[in-house]
Structures are given as C-alpha cells and as structure tokens.
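Student: I have a structure I would like to understand better, so I am pasting it below and will then ask my questions one at a time.
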Amino acid sequence: MRPARALIDLNALRHNYRLAREVSAAKALAVIKADAYGHGAVRCAKALQDEVDGFAVACIEEALELREAGIRAPILLLEGFFEAAELELIEQKDFWCVVHSLWQLEALERAQLNRALTVWLKLDSGMHRVGFHPDDYVAAHERLQTSSNVGKVVLMSHFARADELDCSRSEEQLEAFEQVRGGIDAEISLRNSPSVLGWPQVPSDWVRPGIMLYGATPFEQPQALASQLQPVMTLESKIISVRELPAGEPVGYAGSFVTERPTRVGVVAMGYADGYPRHAPTGTPVAVDGQLTRLIGRVSMDMITVDLTDLPQAGLGSRVEFWGKQVLASDVASRAGTIPYQIFCNLRRVPLLYSED
C-alpha cells in the first residue's frame, strides 16, 4: 500500500479551539468549511461537538453533511443562501444564515416560514467582497427586526488585512463598523483567526477561528499567541528508492537541480497529485526520520526527491514528514509562494488517519 498519508491530531484541534475562545473571551464558531480545510469536516466536528459554541461553513451542502452525520450544534452558513428555495431547508435543519445582499433580505421577507431564523447581517466595512453598503446597513437591520421570519440578529463584518499586524486597515474597518452600528443593541462578530490572535482591541461577542484551528499561523512573522498553536495535520510518506550520484548530475524533470557534490538522493512517494505544492523549490525543508533536510529538484506528480547526503542512517522505508509538528506548513507554503490555507485545502488522494493521542 502506498505509504503517503495525513495524520490528523484531534487533541491538537481541541487545544487550538480552546485557545481561540480563551484569548478572545468570546463565543467561538469553529470554521470547518472546505472539508475543515482539508482535515475532514465530519470528524473534526465530532471531535469538537461537546464543547463548541457552533460551527461555520460556506454553504448549505457542507452544513447538510454535518447534520446527516448527527451534528446538532448551531451551524452558520457564511455565504448565506444562493437560492430562495434553500430557506425551507435552512428552517428545517435549524441553520443560522448570513444575509449579505439585498436580494437575500427580500427573499427572506417573502418566505413562508413556520419559525424565525437566526440571521447574521454582514456589513461591507472595507473588504469589498460581500456585505451591505454602510449607507444601507441600518435600514437592512430594521427590516430584519420587523420581519416575522427573523428572530435573533447578529451584526458581522470581515477584516481584509488582519494578518498584517502593522497595517492600519483593520482599525479603519473597525471604525467604519462602529460608526454604522451606532446604537444598535445586538451581538457582534468581527474577529477571524488573525484578529483573534493579533488584534485584542477589536470587540467581538462571537469569534470565527479558521486557520488557527488547524495549527497554522496566519502571519508571515513570528507572533506570540500563534506560537502556542499545535499543528493538527502531519503529511508524511516513506522513501521508496535511493540513488548515489556524483557531482554534476541533474535530478528530476528539467534538470532544475544539479548535484554540487556526491549526493545520496531519496525518492519519496508524494507529489503534487497528493496536494504537495508543485512550486516548492529546492531547499524547502523536510524531515527524514526526525532529521531536517531539504527537497531537491522539481516536485513530480507522484514522487519527490530529497537530499540524504548528510543522513547516512536514512534509507528505504525511512519516514518523511512534509509538514506537521517538525516542519511547519506555513514554512512550506512560504517557500512555495502560497499560504497554508491553500496547501491544506489542496490535499487529496492521501488517506486521513485520525488520532486522539
């Protein structure tokens, strides 16, 4: 059996959720959209269900998967509904729903529902993706408050640059939100992972931890609270072949790496078809039997070559960690010119093996 696999540490997941709630002193929706960022939404939800305040997903398909698996906790649809016909299921399955557009508001007002929904009303405070314009927000809130289809309303917005700790944009967005909110008496939700970790001055009755749940930092620089996160996923495989090459030999496609000295090359069963980033360059860290070394040559679809020259004990069957507790996913992502969100979400083909230890 091919040895490539992803180990998922559910205790680390719980640790990271508790950290989010503790440092924010707020209720926390665990964001498990996109199959829990590649970690398996159902298993992650089950691991958190006894202590979570609720979950957040992108769309109703993701929410239905959780309900069908027996998850009874509140589930927020972060993009709301895409068609008015979904409102029947939203009511039936007791989902919470973001409303970010006028057409959604109008559809909700027209709907024939038997009970009132919990609605999260989104303001575009400067992200400029979705959300009501500041000039229209108070009127939208008033319409929700007068609708028999709406019960509780939570006010929300989303920061565009909270991962940049020296950028004033988050403070500007907070000011825009507070100006629009005025005297509306309602719970609010502003903080995602980077603002939970790096912006303690931002008020939030509800926080929405996403990438931090999975133990990856959202920041490019070291940050004190982010250093307390525990990696949840370990992507690993084994060496399946060893080559002894003299100096001056090219390795892999396009000969992008040429040996500078006599080199032991380990071939590992892992590639971009598994989700490892193809653009990770020579020098990207890997750990072989617990010892750090480097990727060499171009990442192939099914195989990666690593430098074993200074690891004489390593050979056939040696364990290789591509990211996890020793090689941080954020470091791999940075080398490959991407972010840990993407490399987690791109994971495929490898089996997910869960551990509570």
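Student: So, in the range 317-357, how many residues would count as being outside any loop (DSSP other than H, G, I, E, B) and either closer than 24 Å to Val242 by Cα or acidic (Asp, Glu) (or both)? Working first, answer last.
Tutor: Restricting attention to the range 317-357, the residues satisfying the condition of being outside any loop (DSSP other than H, G, I, E, B) are 319-323, 329-335, 340-345, 352-355.
This time we only want the ones that are either closer than 24 Å to Val242 by Cα or acidic (Asp, Glu) (or both), so: 319-323, 331-332.
Summing the residues that are outside any loop (DSSP other than H, G, I, E, B) and either closer than 24 Å to Val242 by Cα or acidic (Asp, Glu) (or both) in the range 317-357 gives 7.
Student: Quick check on my filter: what residues within the range 1-28 are outside any helix (DSSP H, G or I) and closer than 17 Å to Gly215 by Cα? Step through it out loud before you land on a result.
Tutor: Taking the range 1-28 first, the residues outside any helix (DSSP H, G or I) are 1-9, 25-28.
Hits for the range 1-28 are Ala6, Leu7, Ile8, Asp9, Ala28.
Student: Applying the selection to the range 51-97, what residues are among the small types (Gly, Ala, Ser), under 20 Å from Leu155 (Cα atoms) and touching a helix residue (DSSP H, G or I) at 6+ places or on another chain (Cβ under 6 Å)?
Tutor: Across the range 51-97, the qualifying residues are Ala58, Gly80.
Student: Can you tell me which residue within the range 288-325, out of those that are of a type in the set (S, T, N, Q) and in contact with a Pro (Cβ under 9 Å, 6 or more places away or on another chain), is farthest from Leu347 (Cα to Cα)?
Tutor: Checked the range 288-325; the qualifying residue farthest from Leu347 (Cα to Cα) is Thr309.
Student: Given the residues Ser330, Ser256, which is the only one that is small (Gly, Ala, Ser), on the phi < 0 side of the Ramachandran plot and in contact with a Phe, Trp or Tyr (Cβ under 9 Å, 6 or more places away or on another chain)? Please lay out each step first, then the result.
Tutor: Numbers: Ser256 fails: in contact with a Phe, Trp or Tyr (Cβ under 9 Å, 6 or more places away or on another chain).
Unique residue meeting the criteria: Ser330.
Student: Would you mind stating whether Ile339 is crowded, with 23+ Cβ neighbours inside 10 Å and not assigned by TED's automatic domain parsing to the domain that holds Met212?
Tutor: no
Student: Looking at (1) under 26 Å from Val320 (Cα atoms); (2) at pLDDT below 95; (3) not acidic (Asp, Glu), which is the one condition that is false for Gly215?
Tutor: For Gly215, the failing item is (2).
Student: Which residue is nearest to Thr118 (Cα to Cα), if the candidates are limited to the range 155-213 and must be free of Cβ contacts under 8 Å to residues at least 24 places away in the same chain and either aliphatic (A, V, I, L, M) or assigned to a helix (DSSP H, G or I) (or both)?
Tutor: Glu178
Student: Right, another one. I'd like the full set of residues that are touching a strand residue (DSSP E or B) at 6+ places or on another chain (Cβ under 7 Å) and more than 21 Å from Leu89 (Cβ to Cβ), limited to the range 102-129.
Tutor: Leu123, Asp124
Student: Condition check: under 19 Å from Glu175 (Cα atoms), buried (at least 16 other Cβ atoms within 10 Å of the Cβ) and touching a residue at least 24 places away in the same chain (Cβ under 8 Å). Does His141 satisfy that? Don't jump to the end; show me each part of the working.
Tutor: Details: under 19 Å from Glu175 (Cα atoms): yes; buried (at least 16 other Cβ atoms within 10 Å of the Cβ): yes; touching a residue at least 24 places away in the same chain (Cβ under 8 Å): yes.
Taking the combined requirement at face value, the residue satisfies it.
Student: A further question follows. Failed condition for Gln221, given (1) modelled with pLDDT under 95; (2) in a strand (DSSP E or B), with all others met?
Tutor: The one condition Gln221 does not meet is (2).
Student: Test Arg43 against the stated conditions and say whether it is part of a helix (DSSP H, G or I), touching an Asp or Glu at 6+ places or on another chain (Cβ under 8 Å) and either β-branched (Val, Ile, Thr) or modelled with pLDDT of 95 or more (or both). Step through it out loud before you land on a result.
Tutor: Numbers: part of a helix (DSSP H, G or I): yes; touching an Asp or Glu at 6+ places or on another chain (Cβ under 8 Å): no; either β-branched (Val, Ile, Thr) or modelled with pLDDT of 95 or more (or both): yes.
Judged against the criteria, Arg43 is not a match.
Student: In the range 76-93, how many are in a loop (DSSP other than H, G, I, E, B) and surrounded by 14 or more Cβ atoms within 10 Å (Cβ to Cβ)? Please lay out each step first, then the result.
Tutor: Kept after step one, since they are in a loop (DSSP other than H, G, I, E, B), are these residues of the range 76-93: 78-85, 93.
Those left that are additionally surrounded by 14 or more Cβ atoms within 10 Å (Cβ to Cβ): 78-81, 84, 93.
Qualifying residue count, the range 76-93: 6.
Student: What is the residue count in the range 233-292 for residues that are under 20 Å from Gly317 (Cα atoms), under 25 Å from the mean Cα position of the chain (by Cα) and of a type outside the set (S, T, N, Q)? Can you show your working first?
Tutor: Looking only at the range 233-292, we keep the residues that are under 20 Å from Gly317 (Cα atoms), and these are 234-245, 263-271, 274, 276, 285-292.
If we keep only those that are under 25 Å from the mean Cα position of the chain (by Cα) as well, we get 234-237, 270-271, 274, 276, 285-287.
The next check asks that each one be of a type outside the set (S, T, N, Q); those that pass are 235-236, 270-271, 274, 276, 285-287.
Counting residues in the range 233-292 that are under 20 Å from Gly317 (Cα atoms), under 25 Å from the mean Cα position of the chain (by Cα) and of a type outside the set (S, T, N, Q) gives 9.
The values are calculated or read from the model by the stated rules, or taken from the named source; none is laboratory data. The structure presented is a predicted model; accordingly, all values stated were derived computationally and were not measured. All Cβ positions, glycine included, derive from the backbone under ideal geometry; neighbour counts span all protein chains shown.
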